[in-house]
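To keep things clear, I will list the structure first and then write my remarks on it.
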Amino acid sequence: MPIGEELHALAGLCDDAGDLILTYFCDGVRVDRKADDSPVTEADRRAEDVILSGLARLYPNIPVVAEEAASGGRVPEISDRFFLVDPLDGTREFVSGRGDFTVNIALVENGQPVLGAVFAPHRGTAFVGNVGTGAFERMSQAQAGSQWRKIAVRSRAPANPIAVASRSHRDAKTDDLLDRLAMDERVSVGSSLKFCLLARGDADFYPRFGRTMEWDTAAGHAVLVAAGGRVAGLDGGPFLYGKRNQSFDSDFANPGFLAAGDDNLIARAAALNLATNGSDTTI
């Protein structure tokens, strides 16, 4: 199924970066530490170079905020339209030899991701989303003639919804909320793949209390919304991008959020959060 020129271009850049990352995954890689003590590898840096070079060629007039460049203090002036790039989301999974890592590119317009591409190189699976035309999955990059298929959320969650949560950053607040929502079936997955499981209807709800950055979430956010889902703040309100000069955290840092295919799940979770924590959306 055709996915459109822009999504095709973003998916191609993700493929190129993912192919490079796999060479490090197979051969091993040294792990360094950034200023915030999060891990970074040569695979992160080189994959980001591939993506930045491609975006500069394809979209020279759109600024790009990329994780490793931003960590080094290289952040362009942004307007209402800019790219967010995470060249290797799930670095902890990557260095541990687990395959739940992804390449992510998103286009943000007026505070919302409108295009997103997510590629899981080890799995060979890619997801793209355009909020105007829908979300799509490509099952295997390696298979000749592999096609994109349209995907959609479960807009009505089943009687026993499936929750998806972080593998490396699971916390007590997440488990407490899922307990109060009586969501006993829980899947642990790393990286932005959590959004993609919701987008293709394999899971129903993804809460996040811990800290993330905009480049971690934007591409998966776009795919989920394009598939019919929603991402909201912990109070159920809008979840925005392009956050600068925040009093509670650094530029482009996210507060907690709720993601789901069925908006009723977000409403229920937001009501519980407000009853417990009041208007605090930074937890």
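The values are calculated or read from the model by the stated rules, or taken from the named source; none is laboratory data. Because the structure is predicted, anything quoted here is derived from the model rather than measured. Reconstructed Cβ throughout: ideal geometry from the backbone, glycine too, with neighbour counts over all protein chains shown.
Where in the stretch 145-244 are there strands (runs of 3 or more DSSP E), lying wholly inside it, with at least 2 residues that are over 28 Å from VAL75 (Cα atoms)? So that I can check it myself, show each step before the final result.
Working: elements: 148-151, 162-166, 185-189, 205-208, 230-233.
Ranges flagged: 148-151, 162-166, 185-189, 205-208.
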Problem set entry | Evaluation of SER155 against (1) among the hydroxyl-bearing types (Ser, Thr, Tyr); (2) within 17 Å of LEU258 (Cβ to Cβ); (3) within 19 Å of the chain's Cα centre (by Cα) (one fails), failing number | (3)
For this session: Might you check whether a residue that is touching a strand residue (DSSP E or B) at 6+ places or on another chain (Cβ under 7 Å), in the same structural domain as ALA259 (by TED's automatic domain parsing), β-branched (Val, Ile, Thr) and more than 25 Å from PHE248 (Cβ to Cβ) occurs anywhere in the stretch 182-190?
Result: yes
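Answer yes or no as to whether VAL103 is in contact with a strand residue (DSSP E or B) (Cβ under 9 Å, 6 or more places away or on another chain), modelled with pLDDT under 85 and either part of a loop (DSSP other than H, G, I, E, B) or surrounded by 12 or more Cβ atoms within 10 Å (Cβ to Cβ) (or both). It would help to see each step written out before you state the result.
Working: in contact with a strand residue (DSSP E or B) (Cβ under 9 Å, 6 or more places away or on another chain): yes; modelled with pLDDT under 85: no; either part of a loop (DSSP other than H, G, I, E, B) or surrounded by 12 or more Cβ atoms within 10 Å (Cβ to Cβ) (or both): yes.
When the stated conditions are applied, VAL103 does not pass them.
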Exercise. Out of (1) within 22 Å of ALA222 (Cα to Cα); (2) assigned to a helix (DSSP H, G or I), what's the single condition that is false for GLU93?
Worked result: (1)
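Restricting the stretch 245-262 to residues that are touching a residue at least 60 places away in the same chain (Cβ under 8 Å) and assigned to a loop (DSSP other than H, G, I, E, B), which is surrounded by the most Cβ atoms within 10 Å (Cβ to Cβ)? Step through it out loud before you land on a result.
Narrowing the stretch 245-262 to residues touching a residue at least 60 places away in the same chain (Cβ under 8 Å): 251-252, 259-262.
So of that shortlist, the ones also assigned to a loop (DSSP other than H, G, I, E, B) come out as 251-252, 261-262.
Numbers: ASP251: 15, PHE252: 22, GLY261: 29, ASP262: 21.
Looking at the filtered set, the residue picked out is GLY261.
Could you please give the count of residues in the stretch 203-221 that are closer than 14 Å to ASP86 by Cα and either in contact with a Pro (Cβ under 7 Å, 6 or more places away or on another chain) or of a type outside the set (D, E, K, R) (or both)?
So in the stretch 203-221, the residues closer than 14 Å to ASP86 by Cα come out as 212-221.
Those still in the list that are either in contact with a Pro (Cβ under 7 Å, 6 or more places away or on another chain) or of a type outside the set (D, E, K, R) (or both) too: 212-213, 215, 217-221.
Selection size over the stretch 203-221: 8.
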For this session: For the stretch 67-103, name all the residues that are under 23 Å from VAL189 (Cα atoms) and among the small types (Gly, Ala, Ser).
Result: GLY90, SER96, GLY97, GLY99
For this session: Could you please find all residues in the stretch 153-171 being at pLDDT 90 or above, touching a Gly at 6+ places or on another chain (Cβ under 8 Å) and under 16 Å from HIS221 (Cβ atoms)?
Result: VAL153
